[in-house]
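**Q** Below you'll find the structure I mean.
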Amino acid sequence: MGLQRYKQKRNFSRTPEPAGKVEKRKAVQMFVIQKHDATRLHYDFRLEMDGVLKSWAVPKGIPTTRGDKRLAAHVEDHPLDYGDFEGIIPEGNYGAGTVMVWDTGTWEPREDDPVKALNDGKIKFTLHGKKLEGDWTLVRMRARSEQRGKDEWLLIKSGEDIKPISAKKDDESVLTHRTMKQIARSKREPGNPLAKRAVRRIHSSSGSRRRHGARLSRAAAVWKCANHGKLKDAQSPFAVRLKTAALQSRNTRHSTTARRKTRTSSSR
Ligand code: MN
């Protein structure tokens with residue numbers, strides 16, 4: 001539990017990945033799947049639970065046909081901030097390689113107590129993402145895990161079949177619409193700071209803050225951004241305008257007039 005193992009494995013002065021912290025539990029929980037071209041290509045499947053992202057590495061990707069099973073190695077918890085991490089982990093660091101936000105959205109447990117379900121080694125859930133919509137189940141392989149000294153699970157498609165993911169969709173970020181190659185080429189924007197700032201701006205100007213009366217986490221804003229499909233490209237005029245607005249509002253925070261002004265300039 002917690003982020004000790006996550007922090008132990010990384011030197012945050014040498015990787016653009018977020019250091020992060022354990023956050024308060026939210027009403028709406030996010031999921032994120034990151035395509036990660038490390039030593040071996042795999043998909044990192046992450047469910048928000050207890051203020052962190054519970055994580056599994058799935059080498060063969062997400063099953064779409066009912067009953068199909070994929071090996072999912074349970075790995076260390078990641079901070080919620082990791083949910084919008086896209087970019088390059090530099091050589092010599094843990095998990096060096098290209099990371100793409102492959103899909104993100106919200107998830108719902110099918111059980112009353114998902115934390116207990118997870119601890120018991122079987123959890124059923126529904127994903128509401130950009131690419132994935134439907135039911136899946138994670139099941140711990142107890143005997144195999146004990147034998148091999150690893151925590152190995154199966155990610156199983158439950159519920160109904162969904163349309164297989166096309167090769168084009170499989171190679172497209174839901175956050176920035178970039179391909180793995182395009183992300184890999186963008187060496188000078190580790191962690192894609194422009195996209196992050198844009199997401200933050202979307203978050204702080206969104207009506208949801210007023211509706212829920214509380215600040216949603218930045219990570220929760222990611223799926224919102226992705227779902228609205230606004231952030232086509234970190235370099236797009238939209239993203240750049242958001243960045244400018246974010247900088248403006250930072251200088252004049254808590255001033256209603258200024259906030260109104262930046263809102264107008266970002267929606268123009
Ligand atoms: Mn990984």
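The values are calculated or read from the model by the stated rules, or taken from the named source; none is laboratory data. Remember, predicted model here, so these are calculated numbers, not experimental data. Here Cβ is always computed from backbone atoms with ideal geometry, including for glycine, and neighbour counts include all displayed protein chains. For accessibility, only protein heavy atoms count, side chains too; no ligands or nucleic acids. Shrake-Rupley method; radii C 1.70, N 1.55, O 1.52, S 1.80 Å.
Every residue, every condition in (1) of a type in the set (D, E); (2) touching a Lys or Arg at 6+ places or on another chain (Cβ under 9 Å), yes or no:
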{"residue": "E23", "(1), (2)": "yes, no"}
{"residue": "V28", "(1), (2)": "no, no"}
{"residue": "V32", "(1), (2)": "no, yes"}
{"residue": "K35", "(1), (2)": "no, no"}
{"residue": "H42", "(1), (2)": "no, yes"}
{"residue": "E48", "(1), (2)": "yes, yes"}
{"residue": "K54", "(1), (2)": "no, yes"}
{"residue": "V58", "(1), (2)": "no, yes"}
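**Q** Just wondering, is there one or more residues in region 55-72 that are in contact with a helix residue (DSSP H, G or I) (Cβ under 8 Å, 6 or more places away or on another chain), buried (at least 18 other Cβ atoms within 10 Å of the Cβ), in contact (Cβ under 8 Å) with a residue 12 or more places away in the chain and under 18 Å from Y6 (Cβ atoms)?
**A** No, the conditions are met nowhere in region 55-72.
**Q** Take the residues in region 23-40 that are over 20 Å from Y6 (Cα atoms) and not charged (D, E, K, R), then tell me which one is least open to solvent (accessible area, probe 1.4 Å).
**A** Filtering region 23-40 for residues that are over 20 Å from Y6 (Cα atoms) and not charged (D, E, K, R), the one least open to solvent (accessible area, probe 1.4 Å) comes out as Q29.
A quick yes/no check of all residues on (1) of a type in the set (A, V, I, L, M); (2) part of a loop (DSSP other than H, G, I, E, B); (3) within 15 Å of the ligand (Cβ to nearest atom):
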| residue | (1), (2), (3) |
| --- | --- |
| H36 | no, no, yes |
| S55 | no, no, yes |
| A73 | yes, no, yes |
| V115 | yes, no, no |
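**Q** State whether one or more residues within region 58-68 are within 12 Å of the ligand (Cβ to nearest atom) and at pLDDT 95 or above.
**A** yes
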